[in-house]
Every structure is written in C-alpha cells, then in structure tokens.
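The values are calculated or read from the model by the stated rules, or taken from the named source; none is laboratory data. None of these values were measured; they are calculated from a predicted model. Heads up, the Cβs are rebuilt from the backbone with ideal geometry, glycines too, and the neighbour counts pull from every protein chain shown. Side chains included, ligands, DNA and RNA excluded: accessible areas come from the protein's heavy atoms. Shrake-Rupley method; radii C 1.70, N 1.55, O 1.52, S 1.80 Å.
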Amino acid sequence: MQFKLYNLEKEMLHYLVATNHYKESDMLEIKAKYSKMPTYSVDAVFKDEPNVTYNYTLYDGKEWFQLGPSDGEIEGNQDKYKHIDTKRLQGTE
C-alpha cells in the first residue's frame, strides 16, 4: 500500500505541473492517503495558501478530480481560494 500512496503523490505532482502549470516549488505538501470513500485520495497544500488543503482523487486511474474544499465552502468565496481546479468552476458559472 505504501508504494501505491507514493505513486499517487508522484502522479498528483505531475498532474499539477503538466496540466495546471504549477511549479514543483509552488507546493508545500502532497500527501496521499487511504480511506473509505474515495479509497485513495491526495491532499495538496500550496506554499502561497498554507491553511487550505485541496483534496483530489484519481477517477478510474485516468483523470484527476478536485474534491475539496467542498462546493459549499467555495460557493460565493471563489476569490478566497487561489487553486480551485478550472474543471470545477466550469460547472458553477
């Protein structure tokens, strides 16, 4: 299981760098974890927003989805969160 978590962390970093155009140096922490639902998720914390944890899951081994902060937290506060995935915002505008 440790190997799976390690690979998820590496894949998450690659996604943020290659797809979202962040630099590795923008990240404070990327930490994968095992839980009930989703089975595996990855928390990402950015250096310029150290008090916010963005939670992601890899759907079907192919596509990353940002799960958190929750939609309720984001709604009406989009300016508060600097790193909301643009895929999430497309459905709320």
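Overview of values
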item	result
Flag if I30 is open to solvent by 30 Å² or more (accessible area, probe 1.4 Å), free of Cβ contacts under 8 Å to residues at least 40 places away in the same chain and among the β-branched types (V, I, T)	yes
Subset tally (residues that are acidic (D, E), in contact with a strand residue (DSSP E or B) (Cβ under 7 Å, 6 or more places away or on another chain) and part of a strand (DSSP E or B)) for segment 34-93	1
So A18, is it in contact with a Leu (Cβ under 7 Å, 6 or more places away or on another chain), farther than 25 Å from K80 by Cβ and either among the small types (G, A, S) or modelled with pLDDT of 95 or more (or both)	no
Y6, sole failed condition from (1) in a loop (DSSP other than H, G, I, E, B); (2) over 20 Å from K87 (Cα atoms); (3) hydroxyl-bearing (S, T, Y)	(1)
Residue within segment 14-26 that is open to solvent by less than 30 Å² (accessible area, probe 1.4 Å) and part of a helix (DSSP H, G or I) present	yes
Residue that is farthest from D79 (Cα to Cα) [pool: residues in segment 34-61 that are loosely packed, with under 14 Cβ neighbours inside 10 Å and in contact (Cβ under 8 Å) with a residue 24 or more places away in the chain]	Y34
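Yes/no per residue for (1) under 14 Å from the mean Cα position of the chain (by Cα); (2) β-branched (V, I, T); (3) at pLDDT below 90:
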| position | (1), (2), (3) |
| --- | --- |
| M27 | yes, no, no |
| M37 | no, no, yes |
| A44 | yes, no, no |
| G68 | yes, no, yes |
| N77 | no, no, yes |
| Q90 | no, no, yes |
